[in-house]
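None of the figures in this text is laboratory data; all of them are computed from the coordinates on show. Keep in mind that this is a model prediction, so the values were computed, not measured. Here the Cβ positions follow ideal geometry from the backbone for every residue, glycine too, while neighbour counts run over all protein chains shown.
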Ligand code: ATP
């Protein structure tokens, strides 16, 4: 087991593409670190540099305190699990797992012990004699994991290992990978573009964009205190609602105003984000998570100064909850990079509706809500959980510099 350190890790491909830019990351022994970001953000390139499959342009990779920049993959004592986990079709599950060890001339007893141990951890004991084509997708994926586990490496590197599985199996295997990693306590770097996978698997999650690390934190930290607009929109589903708003002084306190809505900020909100006072009289970007809105008619004594009033566009009944979409008469905010991340079609749809209705918001309400399409609804905002961003830099507004 080992700590992995990346120091100013940089990759420039021969054609001049700067895929990874001065990436600093420390992954303590036993940690499950997820690299997440939209396609092309450089996460695979970063992982391949750690593995030794891609030459490092600049910077340092250390595994277990040792600089491995010039070591070939074999010398780094790590095991990789890829999306395309080619198993040998003519070999049984047992032989597929044992193969790498045999090549390294381990004795038969030791090979047997390791394969059986891994099979037990992975729940593969009953299928060890089967060939890959007679295994289910999940079992094949487990055999691929088994191949990595039997090597008893210093670290696991995984690149989208679940993306070839169907949705249900992916959720099952996700839980499985989390369980196995926790049992084995092997340092792991896991690459995915799926923020849900990142949030559910990672001890910590590193969000990348365009080769640059945006933020690294525990999943809850990313959700509660996103460093910038990109992280705010990338993490969480449905995505955070964002709108341009003015910070104003009112009744001795402060409030944010957008369209016809004004939300009063209480002392605690301001105490948690002292830097906000500097923005008095200025335009900022306010973020409201869909979960931080409630149907005010169901909350006795819901204060008037913490509400949005809106006409419901679309009501989606999800069973345990209800998504309510509505327009807010204020300028929409959507970063270009986020646009790339969520796809051109979604952006076009958003833009078209925004022209008509201003910003489009989503609220995630309890199923008791009586909100109806084309009718007005009053939504109570949990103002302590509001998010604030600097319009110029896109950075979250938190502490005084
Ligand atoms: P994905 O999820 O789509 O795999 P990623 O975040 O893993 O994306 P990388 O595969 O690391 O991203 O690619 C980062 C950038 O480097 C992209 O702009 C990509 O086009 C570029 N790139 C990758 N491999 C090469 C290469 N061999 N030569 C030139 N550019 C490359």
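Can you give the helix-only mean residue ellipticity at 222 nm for the chain, where every DSSP H stretch with n ≥ 4 adds -39500 (n - 2.57) and the sum goes over all residues, rounded to the nearest 500 deg cm²/dmol? The partial results should precede the final answer.
Details: 11 runs with 112 residues, N = 401.
Computed ellipticity for the chain at 222 nm equals -8000 deg cm²/dmol.
Highest mean first, how do 68-78, 3-13 rank when packing is the count of other Cβ atoms within 10 Å averaged over residues?
Result, highest mean first: 3-13, 68-78.
Report, in degrees rounded to the nearest 10, the 0 to 90 angle that the Cα long axis of helix 344-357 makes with the longest principal axis of the chain.
Orientation of helix 344-357: about 10 degrees from the principal axis.
Pop a pseudo-label 7 angstrom from the Cα along the beta-carbon direction at both residue 175 and residue 305 and give the gap in nm to one decimal.
Once both label points are built, they end up 4.7 nm from each other.
Taking only Cα atoms, what is the 0 to 90° angle, nearest 10, from helix 93-103's long axis to the longest principal axis of the chain?
Once rounded, one gets 70 degrees.
What angle, in degrees between 0 and 90 and rounded to the nearest 10, separates the Cα long axis of helix 108-122 from the longest principal axis of the Cα atoms of the chain?
So the inclination is approximately 20 degrees.
For the chain, count all C-alpha to C-alpha pairs, find those more than 28 Å apart, and express that count as a whole percent of the total.
More than 28 Å apart: 55 percent of the Cα pairs in the chain.
Would you please put 298-311, 109-122 in order of how densely packed they are, using the mean number of other Cβ atoms within 10 angstrom per residue and starting with the highest?
109-122, 298-311
With r as the distance between the Cβ atoms of residue 125 and residue 24 and R0 = 45 Å, compute the FRET efficiency 1/(1 + (r/R0)^6) and round to 0.05.
0.60
Is the C-alpha gyration tensor of region 71-196 telling us rounded, prolate or oblate? Criteria: a/c under 1.5 is rounded; beyond that, a/b larger than b/c is prolate, otherwise oblate.
It is oblate, given that a/c is not under 1.5 and a/b is not larger than b/c.
Taking every DSSP beta bridge with both residues inside the chain, roughly what % is antiparallel (nearest 5)?
Of those bridges, close to 75 percent are antiparallel.
If I build a Gaussian network model for the chain, linking alpha-carbon pairs within less than 10 angstrom, which residue out of 262, 108, 249 has the largest mean-square fluctuation?
Largest GNM mean-square fluctuation: 108.
Quick one: which of 218-226, 149-157 comes out on top by average Cβ neighbours within 10 Å, and what's the full order, highest first? Intermediate results must be reported in sequence, preceding the final value.
Details: 218-226: 16.9, 149-157: 21.9.
The most tightly packed comes first, giving 149-157, 218-226.
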